[in-house]
Amino acid sequence: MAHTYTVDVLIAGAGPVGLSAAAELRRQGVDCRLVDRLPGRLPFAKAVGIQPRTLEIWDRMGLARAVLEAAVPLRGQLMYVNGREQARIDLALPPEVPYGFAALPQYETERLLEEYLASLGTVIERGTELLSFTQDEDGVTARMRTASGADEEVRVRYLIGCDGAHSLVRKGLGLTFEGAAFPEEYMLADVEADWDLPYGYGVRSSHRADDGSTDDLLVCIPLPGAGRYRMSMLVPPELSTLSAPPARGDGVAHGLEGGRTPELAHIQDVVDRLAPSPARLSEMRWSSVFRISHRIVDRYADGRVFVAGDAAHIHPPTGAQGMNTGIQDACNLAWKLALVIRGEARPALLTTYDAERRPIGEEVVGRTVRHATHGIETDPDSPRTMMLREAQLLVSYRDGPLARSPYGPADAPQPGDRAPDCAGLTTPLAAYPLRLLDILRGRTGHTVLLYGADSVDLARAAEASRGAGGPLITDERAHTPGSPAPATAPHTIAVLAREAPPATADMLAGTLAIPGYRDAAGEFARLYRPDGPTGFVVRPDGQLSTRFPLARTAAALTDYLAALSATA
């Protein structure tokens with residue numbers, strides 16, 4: 001039966017995850033619709049922590065500068081128990097990591113993503129609710145109710161559910177959502193605090209009972225604005241409804257609870273008991289009661305329908321992992337959908353979304369539950385490893401179906417790992433050194449990086465990458481945002497070792513039209529650990545897909561592209 005598709009992808013839910021999915025699809029030239037049942041952004045500072053890995057993703061999109069101008073740095077956390085300082089955790093990262101930890105209210109994050117998406121020609125359809133859907137082997141038929149109250153039926157190729165913890169898409173697929181609820185209830189408030197604590201530091205202050213249990217808790221996260229914090233704490237008895245069922249009636253007790261609004265006096269009472277320094281609160285912008293569950297779906301996809309973000313995994317807010325994990329869900333799925341929709345990969349590629357992202361979701365749920373129950377200070381890993389993991393810089397798909405065979409030193413970045421950023425790359429035309437992120441910014445396809453010193457080796461590898469790349473690794477030099485990404489030769493960049501002759505870059509640029517950047521500071525070699533002349537492929541989501549000796553460029557690219565086009 002022939003169908004007329006109104007759009008390639010329908011996305012339900014316009015929070016940070018849905019907006020990210022739409023933005024990545026539009027960057028790839030894929031037509032999509034983004035609908036949300038709410039009439040506008042909610043003015044709640046729910047998810048406020050932005051991880052360094054998310055900033056790297058936004059840098060590649062060209063969005064990082066706007067976020068940096070709006071956010072504030074998170075420098076660390078001060079931890080108190082029974083009024084005494086127990087620890088001071090500084091959020092320090094290795095110098096090669098380009099971004100630190102940041103805080104921004106969720107509604108500001110959504111505003112910036114919405115403006116970015118609008119620049120690509122797509123706007124949110126507010127007040128439009130997904131009511132039901134069915135799918136077959138050719139597509140998805142969705143029924144929606146628009147802001148005018150009219151029912152609309154649309155036919156799309158794919159549907160993505162970014163519609164939160166109470167996801168209709170998840171329920172429509174019949175996915176399980178196994179887990180449990182925390183017994184405690186919490187208050188959230190966005191307030192200003194007049195106290196003498198250091199700028200940029202969060203506060204976690206608790207009271208420990210004689211039996212060792214925590215019976216009182218205050219957590220404060222700095223926000224943009226003088227003395228402004230998002231504070232969370234246990235609910236007092238007069239606001240508690242622990243015996244009541246979840247507000248949505250679906251058995252998922254997670255998120256903000258309507259109908260109960262703590263007053264400033266409730267927040268001030270807790271601050272008076274637990275704040276490490278005397279504080280007067282004022283200017284409460286909003287407050288709410290919320291409950292926490294930890295759950296994850298049994299699979300992230302079923303046929304042509306996918307779930308991402310809170311629709312797929314929910315957990316305690318410890319470490320600000322939720323929104324950031326959902327954004328990485330969206331980016332992982334979007335570039336794969338784009339390849340399939342453009343006919344450059346088989347639909348089987350989409351099975352790698354669940355294979356790569358669900359293990360990450362399971363790890364995040366388990367870790368945040370442990371930290372919420374026992375405290376982050378009890379984490380068995382080294383402080384450095386813990387910090388890199390919280391920053392989401394250790395997310396890896398080494399065991400996934402797209403990671404090719406390891407090559408080079410065992411401690412080097414391997415296929416599936418994050419492609420490290422590095423500084424000190426120079427070019428004859430720039431009077432200042434560049435970062436690898438500067439070179440990758442704006443690209444939508446895969447990028448081949450060829451490292452070496454010999455111009456003949458580099459030229460042969462560059463020619464081989466062009467010959468073997470096929471349509472799956474794209475060259476965006478003529479690509480403008482919002483237009484379909486061209487399916488041409490691979491975009492290849494030479495990274496010249498410091499010992500390379502000065503004329504090598506000129507030869508590559510003049511003869512092969514390949515940009516060359518000298519590893520003047522030796523940072524690329526230090527971080528990527530090339531084993532002699534080595535090639536790398538960076539995926540659209542900033543992960544390494546393969547690394548190989550330059551002599552095997554054609555075979556390595558052919559192998560990887562075969563995996564993309566025929567993943568089982």
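The values are calculated or read from the model by the stated rules, or taken from the named source; none is laboratory data. Quick caveat: nothing in here was measured; it's all calculated off a predicted structure. Reconstructed Cβ throughout: ideal geometry from the backbone, glycine too, with neighbour counts over all protein chains shown. The accessibility values were calculated without ligands, DNA or RNA, using every heavy atom of the protein model including side chains. Shrake-Rupley method; radii C 1.70, N 1.55, O 1.52, S 1.80 Å.
Here are some notes:
- Among the criteria (1) open to solvent by 30 Å² or more (accessible area, probe 1.4 Å); (2) assigned to a loop (DSSP other than H, G, I, E, B); (3) over 23 Å from residue 97 (Cα atoms); (4) aliphatic (A, V, I, L, M), the one residue 402 does not fulfil is (1).
- When the strands (runs of 3 or more DSSP E) confined to segment 3-88 are screened for residues that are open to solvent by 10 Å² or more (accessible area, probe 1.4 Å) and either modelled with pLDDT of 95 or more or of a type in the set (Lys, Arg) (or both), those reaching at least 1 such residues are found at 7-12, 32-36.
- Output for segment 132-160, where each listed residue is surrounded by 15 or more Cβ atoms within 10 Å (Cβ to Cβ) and touching a Lys or Arg at 6+ places or on another chain (Cβ under 6 Å): 135, 139, 140, 141, 158
- Residue check: residue 318 meets all listed conditions (1) polar (S, T, N, Q); (2) in contact with a helix residue (DSSP H, G or I) (Cβ under 9 Å, 6 or more places away or on another chain); (3) assigned to a strand (DSSP E or B) but one, namely (3).
- Residue in segment 356-376 that is modelled with pLDDT under 95, over 30 Å from residue 295 (Cβ atoms) and either open to solvent by less than 20 Å² (accessible area, probe 1.4 Å) or among the polar types (S, T, N, Q) (or both) present: no
- Selection from segment 433-469 of residues that are under 20 Å from residue 519 (Cα atoms), among the small types (Gly, Ala, Ser) and not in a loop (DSSP other than H, G, I, E, B): 452, 455, 459, 461, 462
- Residue under evaluation residue 448, criteria (1) at pLDDT below 90; (2) open to solvent by less than 40 Å² (accessible area, probe 1.4 Å); (3) within 28 Å of residue 351 (Cβ to Cβ); (4) of a type in the set (A, V, I, L, M, F, W, C), criterion not met: (1)
- Lone unmet requirement of (1) open to solvent by 40 Å² or more (accessible area, probe 1.4 Å); (2) touching a helix residue (DSSP H, G or I) at 6+ places or on another chain (Cβ under 6 Å) for residue 529: (2)
- Only one entry of 423, 494, 419 meets the criterion of being under 15 Å from residue 523 (Cα atoms), more than 23 Å from the chain's Cα centre (by Cα) and either of a type outside the set (Gly, Ala, Ser) or at pLDDT 90 or above (or both), and that entry is 494.
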